[in-house]
Structure formats: C-alpha cells, structure tokens
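Okay, so here's the structure we're looking at.
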Amino acid sequence: MEDVTQSSEMLQGSQEYDQLDLTRWMENLPSRLHHLPLNCLAIPGSHDSFTFFLDPCGSVAPDAPPWMQRVANLGCCAKRIIYNWASVQTLGVTDQLSSGIRYFDIRLATKSDSCDQLGTQSESGMERKDVKLFCVHGLYGLRIDECLESVASYLEDHRREIVILDFNHFYEVNCEDHNCLIKKIRERFGSKLCPVHHDLREVSLRFMWHHGYQLIVFYHHCLAHHFHFLWPGCHMTSPWPDTDNIRQLLDTLEKNYEHGRPEEKFYVFQGILTPTTKFILKHLNSTIRATIAQTVVGPFLNWIRGKAIGRRGLNICIIDCVDLAGFTKAVVGMNYHHRDPTAE
C-alpha cells in the first residue's frame, strides 16, 4: 500500500512539474515538502547576480584582477573586452526572479568618482543620504538600491516566495557605508526579514509562511553579529571550484557531495568555471557566455539530475547565465522527482 501511495505522489509530482509556474514555484511545491528545512530544498541561484548591467566606459571596479586593470588603461574600446568577460548575467533582477531564481550572489563596492556620494533631495525637500554602494564585477554596475527595490516589489506581489540575498564581497566599504546599507535593508523589507536561526530544522516554507518571512539576508561582515536579521557567513558553505576544466569541476562537486555537508548550514553548489588570463587572451573577442558558460551548463545539469534533495543532498545551485538550457526548471524539478527519506 505504501509503494502505491508513494508512486501516486511521484506521478502527481511529475504532472505538477510539467505544468510548473516558475514565478511561484515555492508556493506551488507539493505539500509534502512544506515542512522540509530550506537547506534541504533544491534552490536555483545566479552567480554574480547583478552583473546584467555594467558600465563598459566607466571606472574599473576595485575587485578587478590585475589583467583587467592593465587592459583598462588602453581606453574605452579595451574596456569592452573587460565587459564581455565581466557581464555574467543577461537577465535583470525581476526577470531572474520570474524565471525562478531565488538566491542572489552579490559583490559591492563604493565608487570614489560618483556624484551619488552626495546627499540628494527627497520629495519633502529634506536632504537625505542614499546608499552609495554599487554592484561590481570588474566594472561598476547598478546601485544596490535599485536591485533591492526590484526584489522588494517582487516579494510584495508574490507573498509565498522566499529569496536569499548573499552579500559576500565588499570592496572599499567602510562602517558608515555598511550601516547605511543595513538601515536600507531593514527599512525596505521590515517584517519580511527572517531572523537568524541556529537550528535550521525550524526554517521551512511552512515556518516562513506562518511568520510572514520572505527574505534571508547573508552578510559576510562582522557587523552581521549585531543585527538579528543578518545571517553571518558562518551559516553558509559555498566552495569555489576555482578551475577552468569541466572534468575537474565535476570531480570537485562529486567529492563535496559524497563527503556530505553540515546540516546546520545552507550549501551552495557552484556550477561555474573560472577562466584563466591565458584562456581569455585566447578568446579575446568572445564572451563568457559564448565560451565557458554555455560549455558547462549541460554537464552541470546532468550532474544535478543524478542527485537528490535532503539533508545530505542538493541545496542552492548556481551558474553563470541562468537563462541557459532550462537551468532553473531543472533545479526546481529536483524537488519533484527526487525524494530523500532521511530528509522527512
């Protein structure tokens, strides 16, 4: 009887998967998954999430490696090369969310030559000081305010979707900048912010929905310990494969998967290749999308499809160019087609 019930549930799950609405995929997950901790679900995410807009003629950002710094000195045309290898995503924030992305990987830096460091006038005529932090990856992109506003608007329209923001790299950011950003996060998201929980077994979809929480903010800075709604980086493990070789990437992912992961943390599987300077020079007129991003997505998805969700299984999976090869649907689908008895 149990086998019949399980088969029926799996068939229903398959039918639900075929009709999947990625804009509300968390809300529509089968009820049997609602009590699982969020770190036991397969969650699609984007690498260098906010690089869909970078200024190819602007300043080089402080995170740029030495080769980018040297190329930038050759002028605006040379910066186009930097742009081609720094622009990792093509979809904007709202489009990523609509496609199913629920984890965002964020790098921020200040911009010394920006007029945005000055106070601006609010609608009431009073001077206000905006967050002066920009999304970066080799070049400067949008101000983080704009990206946060897009996330907030989406969550207001999709009350049962959960988003994870991972602020993991800060460049030339001082305490005042941090406090300004943290204040912005608290004021804009308010009661949607999930407080830090050291026992992740409590943090499920059911728990988040019950309390009205929609946002988990990871903040990789010591200031995180002073705010109950900022999750310190110690609550997440995100191993960087650091290779430009697909076989080495898959071997690393497999080794980490087989080794298991801490049950009290979120875990990020990075399906990304990192091009070397030599590789970039060899493909100088190409882009990261046309080379390594398109090359790795198929093998990474094939690797994912052989895994399961659960305490020792998949969790957050990220790639460059999340619009490739049905990535988000494949990751979300793992929640329908794989069942880990130990997770339940």
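Just checking, how many residues over the stretch 198-221 are under 29 Å from Cys175 (Cα atoms) and within 19 Å of the chain's Cα centre (by Cα)? So the count comes out to 9. Residue pairs whose Cβ atoms lie under 8 Å apart, separated by 6 or more positions or on different chains, with the first residue in the stretch 274-285 and outside any helix (DSSP H, G or I) and the second exposed (fewer than 11 other Cβ atoms within 10 Å of the Cβ), are Thr274/Trp240. So, of the residues in the stretch 198-247 that are touching a residue at least 60 places away in the same chain (Cβ under 8 Å) and part of a loop (DSSP other than H, G, I, E, B), which turns out to be surrounded by the fewest Cβ atoms within 10 Å (Cβ to Cβ)? For the stretch 198-247, the residue satisfying everything is His198. Of the numbered criteria (1) surrounded by fewer than 20 Cβ atoms within 10 Å (Cβ to Cβ); (2) farther than 28 Å from Gly138 by Cβ; (3) at pLDDT 95 or above, the one Asn335 fails is (1). Exactly one residue out of Val93, Val88, Val71 is more than 29 Å from Phe207 (Cβ to Cβ), of a type in the set (Val, Ile, Thr), buried (at least 20 other Cβ atoms within 10 Å of the Cβ) and under 20 Å from the mean Cα position of the chain (by Cα), and it is Val88.
Scanning the stretch 173-197 for residues that are part of a loop (DSSP other than H, G, I, E, B) and open to solvent by 70 Å² or more (accessible area, probe 1.4 Å) gives a single hit, Asn174. Residues that are among the hydrophobic types (A, V, I, L, M, F, W, C) and more than 20 Å from Leu33 (Cβ to Cβ): does the stretch 329-344 have at least one? Checked the stretch 329-344: no residue is among the hydrophobic types (A, V, I, L, M, F, W, C) and more than 20 Å from Leu33 (Cβ to Cβ). Of the residues making up the stretch 298-332, those that are of a type outside the set (A, V, I, L, M), modelled with pLDDT of 95 or more and outside any loop (DSSP other than H, G, I, E, B) are Gly298, Pro299, Phe300, Asn302, Trp303, Cys317, Phe327, Thr328, Lys329. Among residues of the stretch 69-95 that are at pLDDT 80 or above, those with a beta-carbon under 7 Å from a residue that is of a type in the set (A, V, I, L, M) and open to solvent by 40 Å² or more (accessible area, probe 1.4 Å) at least six positions away or on a different chain give the pairs Ile81/Leu284.
The values are calculated or read from the model by the stated rules, or taken from the named source; none is laboratory data. Given the structure is predicted, the values throughout are model-derived calculations rather than measurements. With ideal geometry, Cβ positions are generated from the backbone for all residues, glycine too; neighbour counts draw on all protein chains shown. Areas reflect the complete protein model, heavy atoms only, side chains present, ligands, DNA and RNA absent. Shrake-Rupley method; radii C 1.70, N 1.55, O 1.52, S 1.80 Å.
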